[in-house]
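Participant: Below is the structure I would like to discuss, written out as structure tokens.
The values are calculated or read from the model by the stated rules, or taken from the named source; none is laboratory data. It should be emphasised that the depicted structure is a prediction, and the values quoted were computed from it without experimental measurement. Note that each Cβ is placed from the backbone with ideal geometry, even for glycine, and that neighbours are counted across all protein chains shown.
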Amino acid sequence: MIRRFCSVVVFSALALAGCAGTPESRLRAAADGSDGGGLAIVSMTLSGTPLSQVNGFEYRIRRVATAGRDEVTTVQHASSSAQRVRQASTPREFGASYWSVAVTGPGVPDSADLVEAGNLVGRVLTLSLPAGDYEIYDWRILEGSVGGETEHGPVRSFSYRFSISPGRAVYLGRVHLSLSAAHKQAIGVGDSREADLALLRQRFPALNSTPVAVDLLRQ
């Protein structure tokens, strides 16, 4: 059986797919705060393994607690199989342990392709989020293998943090993941604002009038 990234609510479904209208109207609603949240813009690229040859590539994001260690988390569990099916298909902000940001594969948010030498190397992604503090802490890649798929991910989690404010569009930088043949990873964040924002505005002209702040991901 082919296994997809489906263990939690797909992030783009939470952020964008549930909003009516065109991609431009969804992005403008996030950027001007009319949906109650803000807009994060981040590019994500991959080298060492051709992006076009993987079945799925995602990063994982979670909220960062801000109220201290005495907080209590609340997760609603279904009591029947029918309820579990409904619960799994319903976007939830709280209760999900993480959200997926698909770079390729099912569920890619509104985005613009990054192409180098004719090859797809990543995407400039838009994430509509409620106000709060977040971190990117994990990644997963699915490759086809004999009898199914092989999943790759880091042995230890990492942390690139960012904040979302209502009615604010913010550029977070370019996250680049490099994989070696020896199954080693190198991950880093760079500032490619000029190229990324120009590409995104070409893809979505409605964003030309949207001011975008720069607040690069921080460790």
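Participant: Tell me, please, whether a residue that is surrounded by fewer than 18 Cβ atoms within 10 Å (Cβ to Cβ), in contact with a helix residue (DSSP H, G or I) (Cβ under 6 Å, 6 or more places away or on another chain), in contact (Cβ under 8 Å) with a residue 40 or more places away in the chain and not aliphatic (A, V, I, L, M) can be found in the stretch 113-121.
Facilitator: Scanning the stretch 113-121, I find no residue that is surrounded by fewer than 18 Cβ atoms within 10 Å (Cβ to Cβ), in contact with a helix residue (DSSP H, G or I) (Cβ under 6 Å, 6 or more places away or on another chain), in contact (Cβ under 8 Å) with a residue 40 or more places away in the chain and not aliphatic (A, V, I, L, M), so the answer is no.
Participant: Restricting to the stretch 181-202, name every residue that is at pLDDT below 90 and either in a helix (DSSP H, G or I) or in contact with a Phe, Trp or Tyr (Cβ under 9 Å, 6 or more places away or on another chain) (or both).
Facilitator: none
Participant: Moving on. Restricting attention to the stretch 148-155, does a residue exist that is assigned to a strand (DSSP E or B) and closer than 29 Å to Val212 by Cβ?
Facilitator: Looking for residues that are assigned to a strand (DSSP E or B) and closer than 29 Å to Val212 by Cβ, one finds none in the stretch 148-155, hence no.
Participant: Can you confirm whether the stretch 192-205 contains a residue that is closer than 21 Å to Arg62 by Cα, surrounded by 15 or more Cβ atoms within 10 Å (Cβ to Cβ) and in contact (Cβ under 8 Å) with a residue 12 or more places away in the chain?
Facilitator: no
Participant: Follow-up question, since we're still on this one. Looking only at the stretch 206-216, count every residue that is under 19 Å from the mean Cα position of the chain (by Cα) and either within 17 Å of Gly122 (Cβ to Cβ) or exposed (fewer than 12 other Cβ atoms within 10 Å of the Cβ) (or both) and tell me the total.
Facilitator: 2
Participant: Of everything in the stretch 129-147 that's hydrophobic (A, V, I, L, M, F, W, C) and part of a strand (DSSP E or B), which residue is nearest to Arg62 (Cα to Cα)?
Facilitator: Ile136
Participant: A further question on this structure: From the residues in the stretch 171-180 that are surrounded by fewer than 22 Cβ atoms within 10 Å (Cβ to Cβ) and either assigned to a strand (DSSP E or B) or within 15 Å of the chain's Cα centre (by Cα) (or both), which one is modelled with the lowest pLDDT?
Facilitator: That would be Leu179.
Participant: If a residue must be over 23 Å from Ala29 (Cα atoms), among the aromatic types (Phe, Trp, Tyr) and under 14 Å from the mean Cα position of the chain (by Cα), how many such residues does the stretch 154-170 contain?
Facilitator: Summing the residues that are over 23 Å from Ala29 (Cα atoms), among the aromatic types (Phe, Trp, Tyr) and under 14 Å from the mean Cα position of the chain (by Cα) in the stretch 154-170 gives 1.
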